[in-house]
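Asker: Below is one structure. I have some questions about it.
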Amino acid sequence: METIELTFTLNQREVTVSVAPNRRLLDILREELHLTGTKEGCGIGECGACTVLLNGRTVNSCLILAGQAQGSEIITIEGVEKAGGKLHPLQESFLEKGAVQCGFCTPGMVLSALALLRKNSTPNVDEIREAISGNLCRCTGYKQIVEAIQAAAGKLQRK
Amino acid sequence: MQNFKFIRPENLDQACRILSENRGKVKILAGGTDVMIEMRDDKLPPSIEMVMEISHLEELRFIEDDGKNIRIGAATTHAEVAESELIRKNAPLLAEAAATVGSPQIRNRGTVAGNSITASPAADTIPPLLVLDATVVLRRGTEKREVPLRDIFTGPNQTNIGNDELVTEIYFEKLPDDTRTAFIKLARRNSAAKSRMNFAARARQNDAGEVIELRISAGSVTPSPARFNAAENILLGKIPSESLLKEAGEAVSGDMIRQSGYRWSTDYKKPVVESLTVRVLEEVLTIY
Ligand code: FES
Ligand code: FES
């Protein structure tokens, strides 16, 4: 099959890949670029395990066709940590508050939380719940996840 | 997944040309929230040879006020509509409906136009748009056609949009200042749940309290999206009372049963439909 060539910005670096047109952004990230932090759960836009930021907004990468990534700016969980491998305050808080159980939903949760904190630095509990309403956690640790996001918001405020 | 050629047109004219030259062979892709699932399940019709992306076309991405109408470009997302000051001010019921679609991730991709032309009985933005008397603008080649939204639905998940036509925008007239509107959706927010009933209404009353304008529509009640004229007629020209509202509720459930037949779920749905009708009417009418 013919392939298409795509160029986009991934975690602040420009990448070019050549892929079959019927691949999803999720497949490109995991299989072509070997960034396996982005997970596949349902594959139909319902669980949020595949969440990435596309032009600053959360999206399900399982619902994005390869060619749609052309020219966009994508951030995956691998792009969240600070230079030198230092964890982002959100990641620290997830660990501190016990918000990670099996960890499968965590990358998506962190990205949804990051998108929230970028536009609202002092979210209340309802706003946090709304922001992660498209991310399912099978281990059902929602309470700790909400607490972790609150704690991270606090840390970022103090900075 | 099925094989196809991926096409990313440079502009709207080119997109329309491609569509006309390859009639029946092109699947249009905008938000992808429905199309990607169809593809995954290999449900694209076998005639489809190309998938054409349109979500990057700036010409289709706008929300504007032309003085008389509010116009929404076909590639505008639910999130953009929900956040738009223009929509919140002129059509709060549509902003609210857009804010309840799917999850944040789905709202960031899915488009109001796409959601509306699925003709799905569960599409949340259809009832508000029907209540707003929305018009759909379509292009076929260089020709432009405008159709009232209510006339494009031919059945559940079916429309009369041609396979060489592209929806470019949806617009509706701005409401008179004294109009009241409401949108309500059943039960608590749950991102994954698709088919929950929702109701949309708009109304005006004169100084005497008589209803001079009323539109009611609902999602997931009838097999294809529609207005409830019988219920509207019960109240038009009258001064609303609790008993008239109740009658209107019964007219809506009557329409539902006539169109869907009596089903296993009817005993549950009938009282819910009636009380939601009353609730949405209470929000838009002053009752005497
Ligand atoms: S894998 Fe994409 S939403 Fe579940
Ligand atoms: S920690 Fe296991 S799915 Fe959320």
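Asker: Just one of A:49, A:99 is within 16 Å of ligand 2 (Cβ to nearest atom), over 14 Å from the mean Cα position of the chain (by Cα), under 26 Å from residue B:79 (Cβ atoms) and crowded, with 23+ Cβ neighbours inside 10 Å; which is it?
Answerer: Unique residue meeting the criteria: A:99.
Asker: Considering only the stretch B:16-51, state which residues are in a strand (DSSP E or B) and within 10 Å of chain A (Cβ to nearest Cβ).
Answerer: Passing the criteria: B:29, B:50, B:51.
Asker: For the stretch A:102-134, enumerate the residues that are within 14 Å of ligand 2 (Cβ to nearest atom), touching a residue at least 12 places away in the same chain (Cβ under 8 Å), more than 12 Å from chain B (Cβ to nearest Cβ) and among the small types (Gly, Ala, Ser).
Answerer: Residues satisfying the conditions do not exist here.
Asker: Test residue A:72 against the stated conditions and say whether it is within 14 Å of chain B (Cβ to nearest Cβ), away from ligand 2 (no atom under 16 Å from the Cβ) and either in contact (Cβ under 8 Å) with a residue 60 or more places away in the chain or at positive phi (or both).
Answerer: yes
Asker: Now, a different point. Six or more apart or on different chains, Cβ atoms under 8 Å: show the pairs whose first residue is in the stretch B:104-115 and at the interface with another protein chain (Cβ under 9 Å from one of its Cβ atoms) and in contact (Cβ under 8 Å) with a residue 24 or more places away in the chain and whose second is polar (S, T, N, Q) and assigned to a helix (DSSP H, G or I).
Answerer: B:104/A:112
A quick yes/no check of all residues on (1) β-branched (Val, Ile, Thr); (2) assigned to a loop (DSSP other than H, G, I, E, B):
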| position | (1), (2) |
| --- | --- |
| B:196 | no, yes |
| B:209 | no, yes |
| B:218 | no, no |
| B:221 | yes, yes |
| B:233 | no, no |
| B:238 | no, yes |
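Asker: Could you give every pair whose Cβ atoms fall below 7 Å, whose first residue belongs to the stretch B:20-32 and is under 15 Å from residue B:49 (Cβ atoms), and whose second residue is polar (S, T, N, Q), counting only separations of at least 6 or pairs across chains?
Answerer: Matching pairs, first to second residue: B:23/B:163; B:24/B:47; B:24/B:163; B:25/B:47.
Asker: Tell me which residues, restricted to the stretch B:227-241, are of a type outside the set (Gly, Ala, Ser) and at positive phi.
Answerer: Hits for the stretch B:227-241: nothing passes.
Asker: Right, next: Show the residue pairs that are 6+ apart or on different chains and have beta-carbon atoms under 7 Å apart, the first residue being within the stretch A:24-53 and away from chain B (no Cβ under 14 Å), the second being surrounded by fewer than 23 Cβ atoms within 10 Å (Cβ to Cβ) and among the basic types (Lys, Arg).
Answerer: Once the first residue is away from chain B (no Cβ under 14 Å) and sits in the stretch A:24-53, its partners that are surrounded by fewer than 23 Cβ atoms within 10 Å (Cβ to Cβ) and among the basic types (Lys, Arg) give A:36/A:30.
Asker: To continue, here is another question. Kindly provide the set of residues from the stretch A:50-64 that are under 14 Å from residue A:10 (Cβ atoms) and near ligand 1 (Cβ under 7 Å from one of its atoms), ordered by number.
Answerer: A:61 - this is the single residue of the stretch A:50-64 that is under 14 Å from residue A:10 (Cβ atoms) and near ligand 1 (Cβ under 7 Å from one of its atoms).
Rule-based calculations on the coordinates, nothing more; no lab input. Given the structure is predicted, the values throughout are model-derived calculations rather than measurements. Positions of Cβ are backbone-derived with ideal geometry, glycine not excepted, and every protein chain shown enters the neighbour counts.
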